[in-house]
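Chemist: Once you've had a glance at the structure underneath, I'll fire off some questions.
All of the numbers you see were taken from the coordinates with simple rules; none came from a lab. Only a predicted model underlies this, so the values are computations on that prediction, with no experimental measurement involved. Cβ atoms come from the backbone with ideal geometry, glycine included; neighbour counts cover every protein chain shown.
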Amino acid sequence: MKRILIVEDEEALCLLYKEELAQEGYEVSTAADAEAALALLKGESFDLIITDIRMPGRDGLELITEIMGLRKDIPIIINTAYQSYKQDFMTWAADAYVVKSSSLVELKAKIRDLLNR
Amino acid sequence: MAFSAPDFQSKEPRELTLLSIISQSFFQPLSVEDNLLVILTALTSGSGVGFNRAMLFRTEGDKLTGEAWLGPTSAEEAKTIWEVLSTPGIGYIEIIEHNRWLMTKRSDSLSRSVKPLSYSLSQDNLTIPATSAARKEMLLVRNARQEPLVDPKFLEILNVEEFLCVPLFAQEKTMGLIILDNAFSRQPIVPKDIKLASLCALMAGNYMYAAWLHKQMIEMERLAALGEMAVFITHQLRNPLTAIGGFTDQLLNGRIEEAKKRRNLEIIQKEISRLEDVVTKLARFLEVDVRKTVPFDLKAEVLDVIQDPDLRQKSAGIEILTEFDEPLPKVLGDPTYVGEAFRNLIANALEATDQGGRITVSGRREDQNWIVVTVRDTGKGMPPAVKNKIFMPFFSTKDKGMGLGLLFVKRVMEAGGGRVEVDSDVGRGTSFRLFFRAGDEGRTDT
């Protein structure tokens, strides 16, 4: 079973993603901020990471930089409320950029693509 | 106009007098139009450069458009004006006021006739006067009717043989153009006039450029504020909407166990009240309307806020001290809004301060006109990058912050004729100083 880590500070969204992705047959863990995510990454292995950008403490872009520093070859999807972060050079380091939407169709499709690559 | 009347009769060289008048006016809180009027007045007043008429064009983008024309409409009127204006006791200020009337208020003012004149500076076959602005070169035309390069429409309005075109520019940017002539005195334009005119134009061009830069800067600040607002709206609205939509989908798809249905509805309800909260706060902020400022007891208002059970609950482990002058005179403001402003400041201070810290609210009379209340905390403080942005709409460092609280404080203070200042040191704390106008008889600047 493919393992996905979701980094998201919105409690309701964590729950929604967790259930919806479990429904798709993935094993899902969640972290509420960058620190919690890095702690999980040290102890466990994941096949894909989905991260928000605007979070308390270090933001999602800093988290991506950290993960790259760990030389972890894990596909990353940015999932944010903002279109505008696409202009940030660091978002290019991620494998996909999905703007939050009440329909999870795009997010699920990106996950499938990246895991089957 | 507040500046002292300059003395055109002084023995100083005329250039110096002109320069001093024009530069003095630039330091006054006058509008761009008033300052341009000062320049046109300097160019036309008999005691200044002494041209009969001055026509002003301004550029916007590549368009050069007639804006104003200062001078009498006939030889008779010129004579009357010169007589009036050379009456002993008539000063520069009277001349400017007279010119304002001449240029804008009068129904047959010359200005009306130049408004239709407009040239595109980027086109190839430019005519005079636009050529002068495009090339940034002064042009003296002596026999206008024999000069094929002069725009006939322009000449028909100007109706003189001799005129001087003086471009206004700075940093290679063309700001406008002035046309000068002696239509009534028929005095030829001599090198000394040209030299003085170019001096005025140099100052006018640089002044207009500075005014243009200032306008650009304000526009950029406005856009930055819009950017903050866009970020705010996206964050505050998209997250709850995503959750509401997602959990509703689950309900509609029917793939959800019976037990979880109620949970979904509760989440949806919670997210909706979050959206409502955003709308309420935003509306409350937008509806701030401080119209009535009355003298009120500031100390009582502040003590009321501090006693508030909500704040008391948050302040567990943090000491709140008050130090007020006895008695503290009344201040001017809207007590309800001022109370709310203090609530915002104290709530912020509490959030920034760890247990064991201290918040001091002190009030004292600064001088006859001002009462100053300081809210000082021993909290974490702000780096300059944050401090500089705290009064921007929708700027917040808090996870759930709206970024409107401190802007509210600023609006309330300014609406009451006061102001707010902030000092902050990272690791040492922050202090907000609120300046209220004294509401008692001790004031001197009523």
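Chemist: Compare the Cα positions of B:N206, B:A230, B:T73 along the charge dipole of chain B (+1 at Cβ of Lys, Arg; -1 at Cβ of Asp, Glu; about the Cα centre) and return the one farthest towards the positive end.
Modeler: With unit charges placed on the Cβ atoms, the residue in question is B:A230.
Chemist: Also: Using the charge dipole of chain B (Lys, Arg: +1 at Cβ; Asp, Glu: -1 at Cβ; taken about the Cα centre), state which of B:N143, B:L164, B:A300 has its Cα farthest towards the positive end.
Modeler: With unit charges placed on the Cβ atoms, the residue in question is B:A300.
Chemist: B:I320's amide H: which non-local residues (gap 5+, or another chain) put their own amide H closer than 5 Å, with H modeled 1.01 Å from N in plane and none for Pro or chain starts?
Modeler: B:I359
Chemist: Taking amide hydrogens as modeled 1.01 Å from N in the peptide plane, which residues meet the under 5 Å criterion relative to B:L168, leaving out close sequence neighbours?
Modeler: So B:L168 has HN proximity to B:M175, B:G176, B:L177, B:I178.
Chemist: Right, another one. To the nearest whole number, what is the average tally of beta carbon atoms from other chains within 10 Å of the beta carbons of peptide A:30-37? Walk me through the numbers before you get to the answer.
Modeler: Details: counts 0, 0, 0, 0, 0, 0, 0, 0.
The mean count of partner-chain Cβ atoms within 10 Å per residue comes to 0.
Chemist: Please average, across the residues of B:114-124, the number of beta carbons from any other chain that are within 10 Å of each residue's own beta carbon, and give a whole number.
Modeler: Details: counts 0, 0, 0, 0, 0, 0, 0, 0, 0, 0, 0.
Mean shielding by partner chains, rounded to a whole number: 0.
Chemist: May I ask for the distance between the Cα centers of segment B:380-414 and segment B:201-241, given as a whole number of Å?
Modeler: Cα centroid of segment B:380-414 versus Cα centroid of segment B:201-241: 18 Å apart.
Chemist: Would you please put B:256-268, B:237-249 in order of how densely packed they are, using the mean number of other Cβ atoms within 10 angstrom per residue and starting with the highest?
Modeler: Details: B:256-268: 13.4, B:237-249: 20.8.
So the peptides B:256-268, B:237-249, ranked by packing, come out B:237-249, B:256-268.
Chemist: Choose one of B:Y337, B:G405, B:I96: the residue whose Cα lies farthest towards the positive end of the charge dipole of chain B (beta-carbon charges +1 Lys, Arg; -1 Asp, Glu; about the Cα centre).
Modeler: Towards the positive end, the residue furthest out is B:G405.
Chemist: Going highest first, how would you order B:221-228, B:433-440, A:20-27 by mean Cβ packing within 10 Å? Let's see the in-between values first.
Modeler: Details: B:221-228: 12.6, B:433-440: 20.1, A:20-27: 14.8.
Per-residue mean Cβ counts within 10 Å order the peptides as B:433-440, A:20-27, B:221-228.
Chemist: Another one. Given the -39500 (n - 2.57) contribution per DSSP H run of 4+ residues, what per-residue ellipticity at 222 nm results for the protein assembly as shown, rounded to the nearest 500 deg cm²/dmol?
Modeler: Details: 18 runs with 250 residues, N = 563.
Value at 222 nm, helices only, nearest 500: -14500 deg cm²/dmol.
Chemist: Can you tell me, using C-alpha contacts under 8 Å and at least 6 residues apart, the relative contact order of segment B:308-446 as a whole percent?
Modeler: So the answer I get is 29 percent.
Chemist: To continue, here is another question. Treating the beta-carbon of each Lys and Arg as +1 and of each Asp and Glu as -1, no other charges, what is the dipole magnitude of the protein assembly as shown about its Cα centre, to the nearest 20 debye? Numbers along the way, then the final one.
Modeler: Numbers: 69 positive and 81 negative charges, 125 e Å.
About 600 debye.
Chemist: Place a +1 charge on the Cβ of each Lys and Arg in chain B and a -1 charge on the Cβ of each Asp and Glu, then give the dipole magnitude about the Cα centre in debye, rounded to the nearest 20. Mind showing how you got there, number by number?
Modeler: On the way: 55 positive and 60 negative charges, 179 e Å.
Value, rounded to 20: 860 debye.
Chemist: Further question: Please state the relative contact order of chain B as a whole percent: Cα pairs under 8 Å, 6+ residues apart? Can you show the working numbers first?
Modeler: Working: 680 pairs, mean separation 46.2, N = 446.
Contact order relative to length: 10 percent.
Chemist: Just counting partner chain Cβ atoms within 10 Å, what average do the residues of peptide B:253-261 show around their Cβ?
Modeler: Details: counts 1, 0, 3, 2, 0, 0, 0, 1, 0.
So the per-residue partner count for this stretch is 1.
Chemist: Taking Cα pairs under 8 Å and at least six residues apart, what relative contact order does chain A come out at, in percent? Before the final figure, lay out each step's value.
Modeler: Numbers: 177 pairs, mean separation 25.6, N = 117.
Relative contact order comes out at 22 percent.
Chemist: Dipole of segment A:1-114, Cα-centred, from +1 at each Lys and Arg C-beta and -1 at each Asp and Glu C-beta, to the nearest 20 debye?
Modeler: On the way: 13 positive and 21 negative charges, 61 e Å.
In debye, rounded to 20, segment A:1-114 gives about 300.
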